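Engineer: Please see the structure below; I have some questions.
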Amino acid sequence: MHIVIVGCGRVGSTLAKEFAQLGHTVAIIDRKADAFSRLGDYFPGEKIVGIGFDRDVLTQAGIERADAVAAVTNGDNSNIMIARVARENYGIRRVVARIYDPKRSEIYERLGVATVATVKWTAERIMRRIIADRPAVEW
């Protein structure tokens, strides 16, 4: 698979390295070139400096041949814009956006954009560890 990841923070860099280790091709986009230092010296994928919803940047990342897109920047608005562009303009079916605001996550899920609401997910996991008989939320 060819995977485009937007955001080279802790999550994005971890995903990029793990997908590459599994033999997938990876292009990772970030606004700051120094973010790529998280990937180490031997990262085999493409590192692209730019805005993740810019069409020229996405083209450089190989969006036309991408099988999946992960939008994991630190901004909800950017992530949802990236996800929508990937789905609606490029027809990519496997698109996931990280969303911090749980209310936004519910709205985007209804629009057909898969999200990972890190705040809601983390809170639920902590609650389950503290109150063991609490019912689990289906993600």
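The values are calculated or read from the model by the stated rules, or taken from the named source; none is laboratory data. Just so it is clear, the structure is predicted and the values come from calculations on it, not from any experiment. Glycine also receives a Cβ, built like all others from the backbone with ideal geometry; neighbour counts cover every protein chain displayed. We work out accessible area using only protein heavy atoms, side chains counted, and drop any ligands, DNA or RNA first. Shrake-Rupley method; radii C 1.70, N 1.55, O 1.52, S 1.80 Å.
Engineer: Quick check: at a probe of 1.4 Å, how many percent of the accessible area of the chain sits on carbon and sulfur atoms?
Structural biologist: Ligands and nucleic acids excluded, carbon and sulfur give 51 percent.
Engineer: Step through the residues of the stretch 75-85 one at a time and calculate ³J(HN,Hα) from phi using the Karplus curve (6.51 cos²θ - 1.76 cosθ + 1.60, θ = phi - 60°), rounding each to whole Hz and writing x for Gly and Pro.
Structural biologist: Per residue, the Karplus-derived 3J(HN,Hα) values read x, 4, 4, 4, 4, 6, 5, 4, 4, 5, 4 Hz.
Engineer: Still on this structure, I have one more. Sum up the charges of everything whose Cβ sits under 12 Å from the Cβ of Leu15, counting Lys and Arg as +1 and Asp and Glu as -1, but leave Leu15 out.
Structural biologist: +3
Engineer: Now, a different point. Dipole of the chain, Cα-centred, from +1 at each Lys and Arg C-beta and -1 at each Asp and Glu C-beta, to the nearest 20 debye?
Structural biologist: Values: 21 positive and 17 negative charges, 68 e Å.
Using only the charged Cβ atoms, the result is roughly 320 debye.
Engineer: Once amide H atoms are placed 1.01 Å from N in the peptide plane, what residues at a sequence separation of 5 or more from Val116, or on another chain, have their amide H within under 5 Å of its amide H?
Structural biologist: Ala97, Arg98, Ile99
Engineer: Within the chain, what percent of beta bridges assigned by DSSP are antiparallel, to the nearest 5?
Structural biologist: Roughly 0 percent of the DSSP beta bridges within the chain come out antiparallel.
Engineer: Taking H as built 1.01 Å from N, whose amide H comes closer than 5 Å to the amide H of Val26, not counting residues under 5 places away?
Structural biologist: HN-HN under 5 Å from Val26: Ile3, Glu46.
Engineer: Which whole-Hz ³J(HN,Hα) couplings does the stretch 16-33 yield from phi under the Karplus relation 6.51 cos²θ - 1.76 cosθ + 1.60, θ = phi - 60°, glycine and proline marked x?
Structural biologist: Using θ = phi - 60°, the values come out as 4, 5, 5, 4, 5, 4, 7, x, 7, 8, 9, 10, 10, 10, 8, 5, 10, 4 Hz.
Engineer: Can you give the FRET efficiency to the nearest 0.05 for Glu46 and Ile130, using r as the Cβ-Cβ distance and R₀ = 41 Å?
Structural biologist: Efficiency, rounded to the nearest 0.05: 0.45.
Engineer: For the chain, with every protein chain kept in place, what is the accessible area per residue (1.4 Å probe, Å²)?
Structural biologist: Accessible area per residue: 61 Å².
Engineer: Per the helix-only calculation at 222 nm, which mean residue ellipticity applies to the chain, given -39500 (n - 2.57) for every DSSP H run of n ≥ 4 and division by its residues, nearest 500 deg cm²/dmol? Please list the in-between numbers first.
Structural biologist: Numbers: 5 runs with 49 residues, N = 139.
Theoretical 222 nm ellipticity from helices: -10500 deg cm²/dmol.
Engineer: Sticking with this one: Using a Förster radius of 25 Å, what is the FRET efficiency between Asp101 and Arg65 based on their Cβ-Cβ separation? Nearest 0.05, please.
Structural biologist: 0.20
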